[in-house]
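Following: one structure in structure tokens, then a few remarks.
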Amino acid sequence: MNKLWILIKSEYNQVVKKKSFLIGILLTPLFMVLVTVVPALLMAKKSATTEKTAIIDLDKQGIGEKFKEKLAEYKLDDGGPAYEVAEILTPDPLDSVSIATMKARLDSLILAKEIKSYLVISPDIENKDTAFIVAKSFGFRTSGRFERRLSDIVASLRLEKAKVGVSIDSVLHLTRSVILSEKAPGGRERDFLTVYLGGIIFVMIIFMTVIGYGQILMRAIIEEKNSRIMEVLVSSVSSFQLMASKIIGLGLANLTQVAIWIVIGMGIYAFRGNLDIRADIAEILFNPVFIFFFVVYLILGYIMYSSLFALIGAIVNTDKEAQNFIFPITMSLIFPVILASYFIQEPDSTTAIVLSLIPFFTPTMMILRLSFMGVETFSLSNPIILEAIIGIVITALADILIIWVTARIFRIGILMYGKRPTLPEIVKWVRHG
């Protein structure tokens with residue numbers, strides 16, 4: 001029994017007495033705060049600027065003007081108007097050419113960021129209960145306000161026209177809500193759940209690929225280091241060639257996997273007519289611009305994080321020691337998923353742009369933004385395309401820096417056994433390696 005206690009104490013001390021354990025104590029609650037508090041704060045964050053919108057009123061009962069008056073009741077924290085109706089258009093509901101021209105012009109204003117959205121009030125809205133809002137992104141608060149105010153206006157119109165002494169069921173019928181659907185510029189339907197899950201799925205592909213192949217690389221280095229195979233290998237090739245061969249070899253396996261997915265996708269695309277795939281799903285799966293950026297960011301993300309996994313493998317001696325170093329990598333990859341509910345509402349906000357240009361977040365956050373904004377064509381006039389290209393350049397430069405640092409640490413770390421090096425020692429390897 002005494003021997004058992006000695007073994008338990010030894011295992012316990014191996015973990016608890018390490019600085020990485022203390023770091024984990026701090027990082028874990030910090031991560032939980034980021035997971036719970038930050039998304040809630042961003043979701044509750046009020047806009048600091050007036051949101052411009054426009055109205056196409058096809059009902060001819062002055063609903064557009066009344067809606068404008070209702071929006072004026074919403075104020076910013078500084079007292080300014082939360083919404084500004086730039087214009088109210090009242091074309092003939094039967095003049096489809098004029099309506100199409102107006103929508104095209106307003107679509108261009110949305111893409112140029114001169115207005116945030118525009119509302120289309122359907123003819124005979126009292127009976128049809130339909131209207132739709134067009135925007136690049138949809139905030140929960142704004143959609144809820146628009147739907148609620150429009151429902152109030154239409155309910156008031158119904159009650160004004162109703163006879164005296166109506167039944168309760170009739171009153172409920174008169175005050176039923178308007179169904180406010182959402183569309184992207186150009187009239188494309190965009191289902192919230194489809195767009196949200198589409199972005200998350202592609203981010204999770206990057207996450208699982210990077211974590212999966214990265215840990216395979218790290219464990220291979222640890223195993224070869226402990227079995228002294230490294231000493232034999234380094235005697236034949238340089239440490240950089242050894243590191244590069246491992247990263248590139250697994251990377252090619254990763255690309256083979258992605259290539260198979262693309263071939264399968266092309267096969268599905270060829271027979272999409274028979275499969276009856278919804279247009280909003282096809283927009284994500286068969287969008288060549290999005291797929292191009294996804295593959296590029298997958299490669300850049302893999303290079304960045306596999307280099308970090310190689311670095312971890314070089315400085316630790318066991319899988320147990322490596323676990324605390326893996327946590328920050330996992331956190332940086334999963335962070336965009338935590339903020340996805342905010343990004344889907346404001347994919348082109350300053351916060352979203354800044355975070356998506358931080359190299360460790362860029363591969364996943366930029367994919368989320370590209371998915372949520374529904375990019376269709378490769379045009380530098382589109383801000384998100386330009387930002388995605390800038391993100392590629394920044395991430396590539398960060399990859400080069402990380403590879404350089406990893407190579408200098410890797411050269412010495414793979415031949416070190418026993419005690420794990422301290423941070424000052426690692427810094428010395430980078431400076432003088």
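None of the figures in this text is laboratory data; all of them are computed from the coordinates on show. Since we're looking at a predicted model, the values are computed, not measured. A quick note on method: Cβ atoms are made from the backbone with ideal geometry, for glycine too, and the neighbour counts reach across all protein chains shown.
At-a-glance table
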quantity	calculated
Cross-link pairs beyond the 29 Å C-alpha cut-off, checked among LYS68/LYS103; LYS246/LYS320; LYS66/LYS128; LYS320/LYS428; LYS103/LYS128; LYS75/LYS161	LYS75/LYS161
For the range 291-342, diffusion coefficient by Stokes-Einstein and Kirkwood Rh (Cα), 25 °C, 0.890 mPa s, µm²/s	195 µm²/s
Sites ILE390 and VAL427 - FRET efficiency at Förster radius 45 Å, r taken between beta-carbons, to 0.05	0.90
Additional length obtainable on full extension of the chain from LEU197 to LEU111, 0.36 nm per residue less Cα span	28.6 nm
Placed amide H near LYS52: partners under 5 Å, 5+ positions off or other chain	GLU84, LYS116
Whole-Hz ³J(HN,Hα) from phi, Karplus 6.51 cos²θ - 1.76 cosθ + 1.60, for the range 381-387, glycine and proline x	6, 7, x, 5, 5, 4, 5
Neighbour cut-off at most 14 other Cβ (10 Å), DSSP loop, trypsin sites (Lys or Arg not before Pro), the range 75-135	LYS113
Built amide H within the under 5 Å cut-off of LEU89, gap 5+	ILE55, ILE56, ASP57
Per-pair calculated FRET efficiency, R0 = 56 Å: ASP124 and GLN257 via Cβ, rounded to 0.05	0.60
Per-peptide average of other Cβ atoms within 10 Å, ordering 88-98, 392-402, 330-340 highest first	330-340, 392-402, 88-98
